[in-house]
Amino acid sequence: MDSDKINLELGCTTCTTQTTYSVPIGPVHPALKEPIQFTFRLSGERIVGVDIKPGYAHRGIEYMGMKRNLIQVLYLAERICGICSISHPLALTQAVENAAGIEVPPRAQYIRTIIGELERIHSHLLWAGVAAHELGFDTLLHLVWKVREKVMDLLEQLTGNRVDYAIPIYGGVRRDIPDEKAGLAYEALSYYKNLLQDMINAFLHDKSVAMRTSNVGVLTYDDAVALCAVGPTARASGVKKDVRQDMPYLAYADMDIRAITPEDYGKPVVGDVFDNIVVRLLEVDQSIKIIEYCLEHMPGGELTSIPKVAALLAVLKKADGEGIGRHEAPRGEVFHYIRLEAGVEAPVAWKVKAPTYSNLMSWVPKFMGDEIADIPIIAASIDPCMCCLDRATLVDQGGGEAVKLKEELVKLSREKTRRMCG
Amino acid sequence: MTPDEILTAFKEKFGAVITDSHVVERTVGTTAPRPVYDVWIEIPRAQLPAAVTYLCDRFSPHLSVISGDDLGDMVAFNYHFAVGWGERYGEITFTIRTRVPKDDFHLPTITGLLPGALTSEREKQEFYGITIDGIPDGRNLFLPEDMTIHPWRKDLEEETQKSVKRIVKWEERDG
Amino acid sequence: MALPRSFKKALWVFHVATGSCNGCDIEIVAALTPRYDTERFGIMLTGTPRHADVLLVTGPVTRPMLSRLKRIYDQTPDPKAVVVVGGCGSTGGVFYESYNVQGPVDEVVPVAVYVPGCPPRPEAIIDGVVKAVAHLEQAGVSK
């Protein structure tokens, strides 16, 4: 791939000399630590340059974590992201368990997997709703968010919380999934199984969705590999990266999981926004199957290897070593590196890598050459979050600058849909 | 991909330059346990571009992230790669560690080989105050442009503390 | 001065995320979608603070968002009420002792209603907005 070109665009010096507007930006993408600011360089309607400035939601999580004991760090990790609120604890607990040599009972591994996959269902549905909204299909947004409530209910029944489930703890899980609750899970799963075809019809067989998303925001296979993209963003470009497949962990090690690419839907890989929709919808189906497998094969036994928190803290304080924890979150690979020193309660080193951190760079080739009206859906295509794009600075060719409200961008996007539908 | 395969390849190519190498084997799976591997090697800073070039040419790596670890008078940087992705149980994590003394605090960029490393390199620059030689875009990424603190440096903790706002008044609370 | 009649069926809210983890933010969106459907009460999310009656603020207020939160508050026309959604906006929550956190929200702008929880349920958020109406009315009467 032409790496020079990408570096050049990122280093775009004309963008940095522009005054950026100090205006609050809407909903945050926690994993990336943002509300985010884009600076686009335009030639007419076409995007020829983009500069990305995250950091508006940077809370210094790692800094805070390196001053607290590991149980407190677990709470902190859960609040890195409210949407991936089990992904970070899962990666962190695995990193710490690897570093300290703590075993996890089989039943706990299965429960962690179930909650992780339920999170994937809710996150992908959330994304589908947002994508529909960005295209101007608010009916579909409301429809998808209505059916999403079913999985939120299930999560609440299983964990006691709609968000921030507080399930993993070092060495196991904090709550069981008893048989009577497994029935509720089966019911929710069959609800989604029946619904899936409707979802596929609504998204993939709709003429205007296809028109607005085909060949828009293309990320080629080579770019995806060179830019280290992860998750559905990479898989939509045909890169078969999936931690659950490549380096299995938890209950994923017991199942045959394959990375899903658009080829599984019987279409050639383009790497555009449409392929992103395909991959995410098929992954909902995959998650349903994984949860069913886990419920059917749920092993008995303990929930945690060290049930008493005081004993756990003592073990963690004695631990000495370093560990890596990885989890395939709904958006891609979550990576935690931790180093523990004997006699010190806090981790000596802690690095968190969220999926959007890896996918940040893939925005650049995705935006290049597309129109202003496509900005909302391309920005949403890597699933950064609901609307990181509340305000972007648009730079026209003359070097002047105009601030576009997200509302205006969405309006432009909708007008384009209308235009294309004739 | 097996850990021996990649370690042997690196040892043949770089030989005595590798100051430390070890393989961590972990067992996963409850019904039919299988091993997965974390491979760690340590090389001097000067060899880093050569090592990453070799890795890119031979193994098509995925860079997860670059992590740092403040060891006092030096900082260890861990380049966490994953090689062999794309097939079931095919992947191993491959971490290249290099130690950089604080009195000669700079590292060569690897963005020429792997453009995806830019995010991570910019982050290391602002959080550790290291200079990445040849970085195509050296601006702050997460911190405001006018902020000059390096929060992950333990020796600069006093400086960082000046920016910390005490939300919880521990003295008042605990009497 | 009592509130104008138009407030009763048309309360517009603006959502400001000041570095929150998104947990509260998705619950705010959930409150707007069919299960909870706040639009039947006339509560609607607006895209600009200049149209808003109520500010829903989430997050512990990061350093870059500090001045922006103040500015948004100034841009919102009177009468207005600020509703803090979530534990970290109310007290800082888990985000204490950081170089980039400048909160909690009530040290930056005047707050009418606190909705505790991490994150609060959509029902609680709706309740918070309803309480903000009561607050607006009271503030109107005392003028």
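Values quoted throughout were computed directly from the atomic coordinates according to the rules given, and no laboratory measurement underlies them. Worth saying up front: this structure is predicted, and the values here are computed from it rather than measured. With ideal geometry, Cβ positions are generated from the backbone for all residues, glycine too; neighbour counts draw on all protein chains shown.
Things to note:
- Selection of GluC sites (Glu not before Pro), region A:79-173, meeting DSSP coil and at most 16 other Cβ within 10 Å: A:E103
- Here is the P(r) of region C:33-99: all C-alpha pair distances, binned every 5 Å from 0, give 4, 15, 20, 22, 18, 13, 7, 2, 0 in whole percents.
- What separates the Cα centres of region C:83-143 and region B:72-122 is a distance of 42 Å.
- C:I72, A:I324 arranged by Cβ crowding within 10 Å, fewest neighbours leading: C:I72, A:I324
- A Förster radius of 41 Å combined with the Cβ-Cβ distance from A:A311 to A:K289 puts the calculated FRET efficiency at roughly 0.65.
- Separation in nanometres of the label points that stand 7 Å from Cα toward Cβ, at C:M44 and A:Y75: 4.1
- Cα centroids of region A:290-367 and region A:146-190: 20 Å apart.
- Dividing the Cα radius of gyration of chain B by its Kirkwood radius returns 1.06 for Rg/Rh.
- Taking every Cα-Cα distance in region A:61-357 and sorting them into 5 Å bins starting at zero, the pair-distance distribution P(r) comes out as 1, 6, 12, 16, 17, 16, 13, 9, 6, 3, 1, 0, 0 percent.
- Label point of C:A139 set 7 angstrom out along Cα-Cβ; within region C:98-124, amide nitrogens under 17 Å from it belong to C:105-115.
- Ordered by the count of other Cβ atoms within 10 Å of each Cβ, fewest first, A:F40, B:F81 give A:F40, B:F81.
- Cα shape, region A:180-304, gyration tensor, a/c 1.5 rule: oblate
- Per-residue ³J(HN,Hα) for region A:50-57, Karplus 6.51 cos²θ - 1.76 cosθ + 1.60, θ = phi - 60°, Hz, x for Gly and Pro: 8, 10, 10, 10, x, x, 6, 10
- The antiparallel fraction among DSSP beta bridges confined to the protein assembly as shown stands at about 70%.
- Cα pair distances exceeding 13 angstrom across region B:1-51, given as percent: 63
- Legend: ranking of residues A:L204, B:L48 from fewest to most surrounding C-beta atoms inside 10 Å; resulting order A:L204, B:L48.
- A simple count of charges around B:V100, restricted to other residues whose Cβ falls under 15 Å of its Cβ and scoring Lys, Arg +1 and Asp, Glu -1, yields -2.
- Principal semi-axes in Å for region B:89-156 [√(5λ), Cα gyration tensor, largest first]: 23, 15, 13
- Here the ratio of the Cα radius of gyration of region A:97-229 to 2.2 N^0.38 Å is 1.32.
- Cα-based helix-to-principal-axis angle, C:63-75 vs chain C, degrees rounded to 10: 10
- Translational diffusion of region C:14-131 was estimated from the Stokes-Einstein equation, with Rh taken as the Kirkwood radius over Cα pairs; at 37 °C and 0.692 mPa s the coefficient is 235 µm²/s.
- Tensor-based shape of region B:28-99 (alpha-carbon gyration tensor, a/c under 1.5 rounded, otherwise prolate or oblate): oblate
- Size of the protein assembly as shown as Cα extents on the principal axes (Å, biggest first): 82, 66, 65
- The spacing between region A:234-248 and region A:36-83, judged by their C-alpha centroids, is 23 Å.
- The simple Förster model, with R0 at 25 Å and r as the Cβ-Cβ distance, assigns A:V344 and B:K169 a FRET efficiency of 0.45.
- Prolate/oblate/rounded call for region A:224-275, Cα gyration tensor, a/c under 1.5 rounded: oblate
- Taking 0.36 nm per residue of separation and subtracting the Cα-Cα distance, full extension of the segment from B:S21 to B:D4 would add 5.0 nm.
- Volume per residue of the C-alpha convex hull in region A:70-167, rounded to whole Å³: 91
- 16 Å Cα-Cα reach of C:K70 towards lysines, excluding residues that sit fewer than 8 places from it in its own chain: C:K80
- Positive minus negative residues near C:S20 (Lys, Arg vs Asp, Glu; Cβ under 10 Å): +1
- Calculated [θ] (222 nm, deg cm²/dmol) that DSSP helices of n ≥ 4 give over the protein assembly as shown, each run adding -39,500 (n - 2.57): -12500 deg cm²/dmol
- When the Gaussian network model of chain C links Cα atoms closer than 10 Å, the mean-square fluctuations of C:P116, C:P79, C:P104 top out at C:P79.
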